[in-house]
Amino acid sequence: MTTKLSNAQIAWRAAQDIPDGAYVNLGIGFPEMVAKFKPDGREVIYHTENGVLDFGEAPAEGEEDWDLINAGKKAVTLNPGASFFHHADSFAMVRGGHLDVAILGAYEVAENGDLANWSTGPGSVPAVGGAMDLVHGAKRVCVITDHVTKKGTPKLVKKCSLPLTGVGCVTTVYTSLAVIDIVDGRFVLREKLPTMSIEELQAVTGAELVIDGPVVDLIVPEV
Amino acid sequence: MKKVYPGIEDALADVQDGMSVMIGGFGGSGAPIELIHSLVNRYRETGSPRNLTVINNNAGNGAIGIAAMIYAGMVKKMVCSFPRSSDPKAFTDKYLAGEIELELVPQGTLAERIRAGGAGIPAFYTPTSYGTLVAEGKPIAEFDGRKYVQERWLKADVAIIKADIADTKGNLTFNKAARNFSPLMAMAAKLTIVQARKVVPAGEIDPEHVVTPGIFVDRVVEVSDPKQEEVLLREGVKA
């Protein structure tokens, strides 16, 4: 019995909602996994902050061109129709609202759509990269995350306790237990694991889960 | 017009103590390794240039490139968006010890500030960073019902960048994603110094293919087989 989705399964679920023809930016690390699960028959064009549209998979080992990398500094390849551009054009694509979807990780998401994902507070080296730009640029800003922290505390909260990446910016959260839209400052539950009751899900969520329309079973294949 | 310099040291001779230096590159892609290490070598031999403010997306990786500058002790302050890397020890240790300053700038804001600097636009508004620590102390304004943060232009005394092909008039092309910040930095610095894999006579680059027009470029030096930071890191090269 599934008690929670793996990271790959969360990425798979997020990938199902990316429409054909979408321009998409995937954050460094876990979000990069979403590209693996693009449904067959859909064309998705990936943007990377450092100036490439329509990059493809990683090259074979030994075939890397280290002038051709993604935001995570990993070597990539190009799809037919790819293009290069400088950083100001790259962020015009982001901040000008030209991207359809951005997918990021999170430390915390608040019910009003606030996101904290760049700083764990004092004592660490702060690093923001392009996250603060992406959360205000893409038409849909999606978060993929475990539903709770490693210590078991909710990551979906009433108000973020960590430094914010952006205010009221998140559209949808795909977690290890549920799919939740943020609508008018509330967490609206769309899908949940069938093995879990709404009460059980609410118990590990730090703010009210609103039921507004059908709640569908979150069913994800083993991937 | 004489933009082409025969040697790296001559091309860099006017980089002096206390200057702000924009350095092209995103991680190792586009990092002008030979120019950087010429400055490091001069610092090691003469103690200058020092107290530099370095503007780059990152803050060095391993022990070469910008990390070598930080290890050497030439850098007073980093202006960057992402001071992390696979081996960020050079910056992290000095930062946590309070020996280097950091101005953290969101990546798109960093690019736009540099572009604005090059385009003569002293400030602009962006939604990026509104409501975050990064916006503290900055003017906020509302346009069409949404809040925006005022950001100022960013200029520098010098830009050092890596191009693929340069012509004798300073027109540049770049290799793949290695262009990143370099065309913007070339615009925003008082003195732009370029290392190019190949220098060709004016007219040999198709004007349709010029990425950075020569008006933004002051000095060009040919480095025909440039080192790639990522390759050096993987080879375990130390400074």
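The values are calculated or read from the model by the stated rules, or taken from the named source; none is laboratory data. Since the structure is predicted, the reported quantities are computational estimates derived from the model, not experimental observations. Cβ sites come from the backbone with ideal geometry, for glycine too, and all protein chains shown count toward neighbours.
For this structure, a couple of remarks:
- Exactly one residue among B:PRO49, B:PRO32 is closer than 24 Å to B:LEU110 by Cβ and either hydrophobic (A, V, I, L, M, F, W, C) or in contact with a Leu (Cβ under 9 Å, 6 or more places away or on another chain) (or both), and that residue is B:PRO49.
- Every listed requirement among (1) surrounded by 16 or more Cβ atoms within 10 Å (Cβ to Cβ); (2) among the charged types (D, E, K, R); (3) in contact (Cβ under 8 Å) with a residue 24 or more places away in the chain is met by A:ARG42 save one, (1).
- Exclusive hit being touching a helix residue (DSSP H, G or I) at 6+ places or on another chain (Cβ under 8 Å) and surrounded by fewer than 24 Cβ atoms within 10 Å (Cβ to Cβ), set B:LYS155, B:LYS176: B:LYS155
- Criterion (closer than 20 Å to A:PHE84 by Cα and either modelled with pLDDT under 95 or more than 13 Å from every other protein chain (Cβ to nearest Cβ) (or both)) met by exactly one of A:GLU49, A:GLU57: A:GLU57
- Subset of segment B:213-239 that is in contact with an Asp or Glu (Cβ under 9 Å, 6 or more places away or on another chain) and part of a loop (DSSP other than H, G, I, E, B) - its residue that is nearest to the other protein chains (Cβ to nearest Cβ): B:GLN228
- Single residue of segment B:53-96 satisfying the filter (surrounded by fewer than 24 Cβ atoms within 10 Å (Cβ to Cβ), in contact with a Lys or Arg (Cβ under 9 Å, 6 or more places away or on another chain) and facing another protein chain (nearest Cβ under 10 Å)) that is nearest to B:ALA186 (Cα to Cα): B:SER85
- Looking across segment B:103-126, just one residue is touching a Lys or Arg at 6+ places or on another chain (Cβ under 7 Å), surrounded by fewer than 21 Cβ atoms within 10 Å (Cβ to Cβ) and either over 29 Å from A:ASP114 (Cα atoms) or at the interface with another protein chain (Cβ under 8 Å from one of its Cβ atoms) (or both), and that is B:PRO122.
- Strands (runs of 3 or more DSSP E) wholly inside segment B:99-212 containing at least 2 residues that are under 20 Å from the mean Cα position of the chain (by Cα) and of a type in the set (A, V, I, L, M, F, W, C): B:101-104, B:156-167, B:189-200
- Matching residues in segment A:42-77 - criterion: being among the small types (Gly, Ala, Ser) and over 18 Å from the mean Cα position of the chain (by Cα): A:GLY51, A:GLY56, A:ALA58, A:ALA60, A:GLY62, A:ALA75
- Taken together, the criteria exclude A:PHE85 from residues that are surrounded by 21 or more Cβ atoms within 10 Å (Cβ to Cβ) and of a type in the set (Phe, Trp, Tyr).
- Residue within segment A:18-32 that is more than 14 Å from every other protein chain (Cβ to nearest Cβ), surrounded by fewer than 22 Cβ atoms within 10 Å (Cβ to Cβ), out of contact with any strand residue (DSSP E or B) (no Cβ under 7 Å at 6 or more places or on another chain) and among the aliphatic types (A, V, I, L, M) present: no
- Look at segment B:197-221: where a residue is exposed (fewer than 12 other Cβ atoms within 10 Å of the Cβ) and a partner is assigned to a strand (DSSP E or B) and at pLDDT 95 or above, sitting 6+ places away or on another chain with Cβ atoms under 8 Å, you get B:PRO201/B:ASP167; B:GLY203/B:ASP167; B:HIS209/B:THR173.
- Just one residue in the set B:SER48, B:SER85 is over 15 Å from the mean Cα position of the chain (by Cα) and at pLDDT below 95; that residue is B:SER85.
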